Amino acid sequence: MGPGSRRGDAAMSATGMASTHGIAWGRRLVIALPYLWLLLFFAAPFLIVAAISLGENTPDTVPPVTLTGSGKTYVQLFADALYPAAYLNSLRIAAIATLATLLIGYPMAYAIARAPAGWRGPLLMAVILPFWTSFLIRIYAWMGILSENGLLNQFLRGSGLVADPGTILGTEWAIYLGIAYAYLPFMVLPLYAVLEKLDVSLLEAAADLGARPWRAFLTVTLPLSLPGIVGGCLLVFIPAVGEFVIPDLLGGTETLMIGKVLWDEFFSNSDWPMASAVAMAMLVVLVIPIVLFQRARAREMARG
């Protein structure tokens, strides 16, 4: 092998190494961009809120907080009965609304998954279609429907079904209805993704073995759809706990939820440390179900 051939091989090797090095740097850059996004828009605001929650309220300064690191706000948070009551009430309302959304969304997702292939796209579009309208406008529309002289009461009076139906607006029933309506697509879509992949031959095998349709549903369909149920419930429950717009507009002033408490602390009382402490405690409350779900999934994968 001559010197020219060796120089050519060396040049090709150097070119290959440079190309590999460039690809590696390109991959690192692609991976770094999501981490940079999380750092700027999640980690940094989280640290700022955490620092403010450890400060003291100073209404005469701008901003109205002094970073002391004392943590007195957390002592007040657990000492005042208002805040634990707001958390418990938020968890209760969110759990009931999530259950109602599941009971409504599961049959819808099942029907779409079992519909002919040509109908699934339009049916899914009908589920997603409300997202094309402003969330606030949709909640205002429900105010008009549920008010004393709204469309619902006019229908009940006009049909003669109920002489004096009263009003649902301003009650917890209106909050349940609003959350179930607003977050229904978040329940239907994960359930549909799981049910659409369900092997129909399993149901046929269950029928061949003598299982009635309801028995086949309980023993085959329901267990296989649990990932979609858990995912949909988390997508509804987590934002419902901190919901502010629906309780404020549909629930009235007497409804106690942590989202409204946080709003009042920040905007009405201008107590930034307490509002930040409420937000941090709410974040911990919301992280718990996610951690439990991840551990359950990890144990399931380990058994598998």
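At most 12 other Cβ atoms within 10 Å and a DSSP loop assignment: could you name the GluC sites (Glu not before Pro) in segment 216-283 that fit? Those satisfying the criteria are Glu254.
Take the chain, connect every pair of alpha-carbon atoms lying under 10 Å apart with a spring to form a Gaussian network, then pick out the residue of Ala32, Ala277, Ala50 with the largest mean-square fluctuation. Result: Ala32 has the largest fluctuation of those listed. Segment 198-249 and segment 35-56 have Cα centres lying 36 Å from one another.
Give me the extension gain from Val49 to Ala85: residue separation times 0.36 nm, minus the current Cα-Cα distance, reported in nm with one decimal. Walk me through the intermediate numbers first.
Numbers: separation 36, 0.36 × 36 = 12.96 nm, distance 2.26 nm.
Net length gain for the segment: 10.7 nm.
Taking all Cα pairs closer than 8 Å and separated by 6 or more residues, the relative contact order of segment 156-280 comes to 29 percent.
Based on alpha-carbon atoms only, what is the radius of gyration of segment 188-270 relative to the globular estimate 2.2 N^0.38 Å?
Compared with the compact-globule rule of thumb, segment 188-270 sits at 1.77.
Look at the alpha carbon pairs under 8 Å that are at least 6 residues apart: their mean separation over the length of the chain gives a relative contact order of 25 percent. In plain terms, the C-alpha convex hull of segment 56-208 casts an average shadow of 17.2 nm² when viewed from every direction.
Gain on full extension, evaluated as 0.36 nm per residue between Thr167 and Leu283 minus their Cα-Cα distance, stands at 38.3 nm.
Distances between every pair of Cα atoms in the chain, grouped in 20 Å steps from 0 to the bin holding the largest one, split as 22, 44, 24, 7, 1, 0 percent.
Extension gain for Arg212-Ala296 works out to 27.2 nm (0.36 nm per residue, less the C-alpha to C-alpha distance).
Within the set of other residues whose C-beta is less than 11 Å from the C-beta of Ser90, count the net charge using Lys and Arg as +1 and Asp and Glu as -1. Residues close to Ser90 contribute a combined charge of +1.
Secondary-structure-derived ellipticity at 222 nm for the chain, considering helices only, amounts to -23000 deg cm²/dmol, per-run term -39500 (n - 2.57) for DSSP H runs with n ≥ 4.
Read-outs: derived from the displayed coordinates by stated rules, not from any lab. Quick caveat: nothing in here was measured; it's all calculated off a predicted structure. Using ideal geometry, Cβ is built from the backbone for each residue, glycine included, and neighbour counts are taken over all protein chains shown.
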